[in-house]
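Written out below as structure tokens is the structure these notes cover.
Nothing in this text is a laboratory measurement; each read-out follows from the coordinates by a stated rule. Note that the coordinates shown come from a computational prediction; the quantities given were computed from them, not determined experimentally. Note that we place each Cβ from the backbone using ideal geometry, even for glycine, and neighbour counts take in every protein chain shown.
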Amino acid sequence: MAKDLSWQVTGDAGNTLNIGAWRFDGNGNGPSVHLQAGVHADEIAGMLVLHQLLPRLQACQAQGLLRGSVTVVPQANPFGIGQFRQGKLLGRFHEATGQNFNRAFDHSLAMERPASNLAQWQKQLVQLAADADLVLDLHTDDEALPYLYIHRRFWPEQGLALAAALQVDVVIVWDEGGDGSFEETIINHGAPRLAATIELRGQADVSDALAQQDADGLWAWLCVNGVIDEVAVINEWQGDVVDMGCMETILAPCAGVLVFEKGLGDYVEEGQPFARIIARPGDPDSEVILHAAQTGRMVTGHRERLAAQGSVVAKFTGTRLSDSYSGGVLDP
Ligand SMILES: [Zn+2]
């Protein structure tokens, strides 16, 4: 039986919020794993993946095939999931404070008594995961290929099997963080053999078929890590590995109608047009062409087709340090 580790925090209006969490304990011969989804709240794919994984873990434990222990938090952020506006869930930022949900986890840990309910939640989430050997944080981008963020210390040794199991298209390797994302805080305050952030494609990529595929991938990864006593075969991995600083993020120079001329996964040459923004529809002179900053592959795209000035239009892989890179994390 799963141990119910669900807990409550106080919400923005003094209401009680619940965070569902379950732990499956095996026979003690395997590593401990922490799996969570939805830290930014509007990242749904991982919730369905973990929802599908739970009964499989339950059955596995019942059959005596579970060696390690697995903690599952399928919907990690109880604050964000209530932020509906005109039928849309606005995640990513906590409306009451403007804080990005996946920042300042390290600050919450430093406080003996967190000053805010949000920090209290962050601290408890980190504490739940801090002792785990393997920690995966499931996120989702706007529109995107499946990709992985991983710290250099884990790449390629521990990370390659994960990239292969999930067949991600791109692995982004980072060195310096500094903004207290969940992953970074776990690395700095826990002792994980592996901690990684997985971007499960785009926000609309939620389906039983994709969730099944990802759950199968995670399952195989759990098997090869000795968490589950089962033989699994992981296919070879042939995706792209990119240093964080070589990623190219193209921002909208002006607001307007966004038209992509290239799609996710497409390769572009340096200077090649990939999209345009029509600032004032009706005025042909108001079309602004967007060009690739260097040769690479389109990994993410803006989901809305009316872009605000300064919003992220697309992210590309690259092979040399981006002119616009100023250190730190990209976006997770
Ligand atoms: Zn996220």
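For G64, what is the net charge nearby, where nearby means another residue's Cβ is under 13 Å from its Cβ and Lys, Arg count +1, Asp, Glu -1?
Net charge around G64: -2.
Taking +1 at the Cβ of each Lys and Arg and -1 at the Cβ of each Asp and Glu, which of N225, G20, I172 sits farthest along the dipole of the chain towards its positive end, judged by Cα position relative to the Cα centre?
Toward the positive end, the furthest listed residue is G20.
Taking the highest mean first, how do the peptides 183-196, 92-105 order by number of other beta carbon atoms within 10 angstrom per residue?
So the order, starting with the most tightly packed, is 183-196, 92-105.
Would you compute, from DSSP H runs of 4+ residues alone, the mean residue ellipticity of the chain at 222 nm, taking -39500 (n - 2.57) per run and dividing by the full residue count, rounded to the nearest 500?
-6500 deg cm²/dmol
Taking the highest mean first, how do the peptides 56-69, 135-148, 159-172 order by number of other beta carbon atoms within 10 angstrom per residue?
Put in order of decreasing packing, that is 135-148, 159-172, 56-69.
Give me the net charge of A37's neighbourhood, meaning all other residues with Cβ under 11 Å from the Cβ of A37; Lys, Arg count +1, Asp, Glu -1.
With Lys, Arg at +1 and Asp, Glu at -1, the neighbours total -3.
List the GluC sites (Glu not before Pro) in region 187-269 that DSSP assigns to loop (not H, G, I, E or B) and whose Cβ has at most 13 other Cβ atoms within 10 Å. Which are they?
E236, E261, E269
Taking N as the number of residues in region 1-119, what is its alpha-carbon radius of gyration divided by 2.2 N^0.38 Å?
1.19
Along the Cα-to-Cβ line of A13, 7 Å from the Cα, sits a label point; which residues in region 118-139 have backbone N less than 20 Å from it?
Counting only backbone N, you get 118-119, 121.
Please name whichever of Q124, T317, L138 sits farthest to the positive end of the charge dipole of the chain, dipole taken about the Cα centre and charges placed at Cβ: Lys and Arg +1, Asp and Glu -1.
After comparing all options, I get Q124.
Could you tell me the calculated FRET efficiency between K3 and Q167, based on Cβ-Cβ distance and R0 = 22 angstrom, to the nearest 0.05?
That gives a FRET efficiency of 0.10.
Quick one: which residues, 5 or more positions from A292 or on another chain, have an amide H under 5 Å from its amide H? H modelled 1.01 Å from N in the peptide plane, none for Pro or chain starts.
Amide H neighbours of A292, under 5 Å, 5+ apart: G271, Q272, F274.
Please list the non-local residues whose amide H lies under 5 Å from the amide H of L306, H modeled 1.01 Å from N, same-chain partners needing a gap of 5 or more.
Amide H neighbours of L306, under 5 Å, 5+ apart: L258.
To the nearest 0.05, how large is the calculated FRET efficiency for I289 and A191 if R₀ is 41 Å and r is the Cβ-Cβ distance?
For R0 = 41 Å, the calculated efficiency reads 0.25.
Could you pull out every residue, at least 5 positions away or on a different chain, whose amide H is within less than 5 Å of the one on D240? Hs are placed 1.01 Å off N in the peptide plane, and Pro or chain starts have none.
V170, V171
Tell me which lysines have Cα within less than 26 Å of K262's Cα, excluding those fewer than 8 residues away on the same chain?
K315
Go through region 131-136 residue by residue and turn each phi into a ³J(HN,Hα) via Karplus (6.51, -1.76, 1.60, θ = phi - 60°); whole Hz please, and just put x for glycine and proline.
After applying 6.51 cos²θ - 1.76 cosθ + 1.60, I find 8, 6, 7, 10, 10, 10 Hz.
What is the diffusion coefficient of the chain in µm²/s, taking the Kirkwood radius over Cα pairs and the Stokes-Einstein relation at 10 °C with a viscosity of 1.306 mPa s?
In µm²/s, the coefficient is 77.
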